[in-house]
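Below you'll find the structure, written out as structure tokens, and then a few comments.
The values are calculated or read from the model by the stated rules, or taken from the named source; none is laboratory data. As the structure is a prediction and not an experimental result, all values here were calculated from the model. As a convention, Cβ positions derive from the backbone with ideal geometry for all residues, glycine included, and neighbour counts pool all protein chains shown. With ligands, DNA and RNA removed, areas are computed over all heavy atoms of the protein, side chains included. Shrake-Rupley method; radii C 1.70, N 1.55, O 1.52, S 1.80 Å.
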Amino acid sequence: MAPSRPRIDIESVFRLTELADYIVPFTVRAVADLGIADQLTDGPRPVAELADATGAHAPSLLRALRALAGKGIFTEVEPEVFALTPLAEPLRTDHPLSLRDAYPLLAPDIEAWAHFDHSIRTGKAAFDQVHPEGYWSYMAAHPRDSARFDASQQAATRLELRAALPAYPWGDLGTMVDVGGGNGAFLGGIMARFPNLRGTLFDLPHVVAEAEPVLQKLGVAQRCTVTGGSFFETVPAGADAYMLKRILYGWDDDGAVRLLRAVRAAMRPDSRLLVLEPVVEPGDRFDVGRLYDLLLLAMVGGGARSREHIERLLDVADLKLARSLPTMMFPILEIVPKTEA
Ligand SMILES: C[S@@+](CC[C@H](N)C(=O)[O-])C[C@H]1O[C@@H](n2cnc3c(N)ncnc32)[C@H](O)[C@@H]1O
């Protein structure tokens, strides 16, 4: 059969140009970093004032805001005067689901994306092409980037928390360990709603070192133990529940099984493990899980798995899926020991 001839469809060419562009995403990130949305909470302001208040170069800020206004993020209500729009609101720091810190311009991440074709060719992390020590060792050695990464996780957690709270009977739990729980925003957010829940936050030492103010602010510090360590070595034992939120998919199958075995070793016969992360579904439907999946591929070489794939790993680690609870983001997989320990 002769190859088909390309169809010239100008709409599609323009649409692809928009989709493939990275200028708008980078501009959103730069404008978020400047805190422009916070300057517009009392109403529209001239760009000269915004530039003054944020230390920006007014003509360049004008160009950035006009580009974003073309996408519905901010609006130019009169020449050189800008206001918030629904798409700009989540860039406010005081927004309950604030995304201001969600999209940091982290140089090592951006360098890694420049090698993303390597990930697609090999299945390995593009990040390691630039920083062979790997993502987590890089972060441990770069406190500023690490703090910005943790803040981005905290921002993502706001939405995940809202999705997870109504989806699981958290009130039935007395104790929960958040394994790889970052700076405690998720665990603390659950504990703040369930005053009988006692928590343990477990993550690498340099990460949990930043948790205290987050837990204090949520009013749960008295009920939360903070423990630093590697989840490949040991996990705090004997809790009612263990949480792995966006952790398992950061590791290849060998790493994931090692991690699951470490959690299994810490579990009582009646403990449960809750895995909260994207699960791969076939088909064209777009969801944020597909973005996370590729982010993980680029940065750490892991990625989302199908439910069947997760079940195979659980089986090797002497665990089994009890049920899968849908949330408006990722499902919560409730997992129990397969045999008595
Ligand atoms: C993608 S983040 C997810 C954080 C948090 N669970 C959330 O959903 O916001 C992965 C976390 O795993 C932690 N981590 C990586 N390697 C670890 C290890 N060996 N032991 C404990 N935590 C680790 C990182 O420090 C980071 O906080």
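With θ set to phi - 60° and the Karplus curve 6.51 cos²θ - 1.76 cosθ + 1.60, what are the ³J(HN,Hα) couplings of segment 184-192 in order, to the nearest whole Hz, using x for Gly and Pro?
Here the 3J(HN,Hα) series is x, 5, 6, 4, x, x, 5, 4, 4 Hz.
Please report, in debye to the nearest 20, how large the charge dipole of segment 10-91 is about its Cα centre when each Lys and Arg carries +1 at its beta carbon and each Asp and Glu carries -1 there. Each step should come with its number before you reach the end.
Working: 6 positive and 12 negative charges, 51 e Å.
With only Lys, Arg, Asp and Glu charged at Cβ, the dipole is about 240 debye.
Segment 299-341: which GluC sites (Glu not before Pro) are DSSP loop and have at most 13 other beta-carbon atoms within 10 angstrom?
When the GluC sites (Glu not before Pro) of segment 299-341 are filtered for loop state and at most 13 Cβ neighbours within 10 Å, E340 remain.
Tell me the chymotrypsin sites (Phe, Trp or Tyr not before Pro) within segment 148-251 that lie in a loop according to DSSP and have at most 14 other beta-carbon atoms within 10 Å.
Numbers: sites: F149, W170, F186, F202, F231, F232, Y242, Y249, W251; in loops: F231, F232, W251.
Taking segment 148-251 and a limit of 14 other Cβ atoms within 10 Å, the loop chymotrypsin sites (Phe, Trp or Tyr not before Pro) found are F232.
Compute the length gained on full extension between L294 and E281: take 0.36 nm times their separation in residues and subtract their Cα-Cα distance, giving the result in nm to one decimal.
So the chain would gain 3.3 nm between L294 and E281.
Specify which residue in the list T54, G70, A88 is farthest towards the positive end of the charge dipole of segment 10-91, using unit charges on the beta carbon of Lys, Arg (+1) and Asp, Glu (-1), about the Cα centre.
So the residue we want is G70.
Mind checking the angle between helix 58-69 and the chain's longest principal axis? C-alpha axes, 0 to 90 degrees, to the nearest 10.
70
Given H placed on each backbone N at 1.01 Å, which residues far from R272 in sequence or on other chains put an amide H within less than 5 Å of it?
Amide H neighbours of R272: A241, Y242.
Once the other residues with Cβ under 13 Å from the Cβ of L313 are scored (Lys, Arg +1; Asp, Glu -1), what is the net sum? Present the calculation step by step, with values, prior to reporting the outcome.
Working: positive: R258, R261, R264, R305, R307, R312, K320, K338; negative: D252, D253, D254, E277, E308, E311, D315, D318.
Spelling it out: positives minus negatives among the neighbours equals 0.
Please compute the contact order of segment 107-337 in relative form: average sequence separation of alpha-carbon pairs under 8 Å and at least six residues apart, divided by the residue count, as a percent.
Working: 435 pairs, mean separation 46.9, N = 231.
Answer for segment 107-337 is 20 percent.
Round to the nearest 10 and report in Å² the accessible area of M328, as given by a 1.4 Å probe over the protein chains' heavy atoms.
M328 exposes around 130 Å² with every protein chain in place.
Give me the accessible area per residue for segment 10-91, probe 1.4 Å, as a whole number in Å².
Working: 4760 Å² over 82 residues.
On a per-residue basis, segment 10-91 sits at 58 Å².
Placing unit charges on C-beta atoms (Lys and Arg positive, Asp and Glu negative, everything else neutral), compute the dipole magnitude of segment 67-136 about its Cα centre in debye, rounded to 20.
In debye, rounded to 20, segment 67-136 gives about 260.
Where does each of 6-15, 290-299 land if you order them by average Cβ count within 10 Å, highest first?
So the peptides 6-15, 290-299, ranked by packing, come out 290-299, 6-15.
Say the dipole of the chain comes from +1 at the beta carbon of Lys and Arg and -1 at that of Asp and Glu; which of I190, A317, P44 then lies farthest toward its positive end?
Result: A317, furthest along the dipole toward the positive end.
If the elastic network links every pair of Cα atoms under 10 Å, which of L187, L91, L34 fluctuates the most in the Gaussian network model of the chain?
Looking only at L187, L91, L34, the biggest GNM fluctuation is shown by L34.
Choose one answer from D21, D117, D240: the residue with the largest mean-square fluctuation in a GNM of the chain with alpha-carbon springs under 10 Å.
D21
Got a sec? Charge dipole of the chain, +1 on Cβ for Lys and Arg, -1 for Asp and Glu; which of L201, S146, V28 is way out at the positive end?
Farthest towards the positive end: L201.
Share of segment 207-261's accessible area from carbon and sulfur, percent, 1.4 Å?
47
If R₀ is 45 angstrom, what is the calculated FRET efficiency for the pair T17 and R162, using the beta carbon separation as r and rounding to 0.05?
0.85
Note down the magnitude of the dipole of segment 107-337 about its Cα centre, charges +1 on Lys and Arg C-beta and -1 on Asp and Glu C-beta and zero elsewhere, to the nearest 20 debye. List each step's numbers first, then the result.
Numbers: 24 positive and 29 negative charges, 127 e Å.
The dipole of segment 107-337 has a size of about 620 debye.
Write out the GluC sites (Glu not before Pro) in segment 160-246 meeting two conditions: DSSP loop, and at most 15 other Cβ atoms within 10 Å of their Cβ.
E233
Using only helices, what value at 222 nm comes out for the chain when you add -39,500 (n - 2.57) per DSSP H run of length 4 or more and divide by the total residues, to the nearest 500 deg cm²/dmol?
Here the helix-only value at 222 nm equals -12500 deg cm²/dmol.
Which residue fluctuates most in the GNM of the chain (Cα springs below 10 Å): D284, D94, D318?
Per the Cα network of the chain with a 10 Å cutoff, D284 tops the list.
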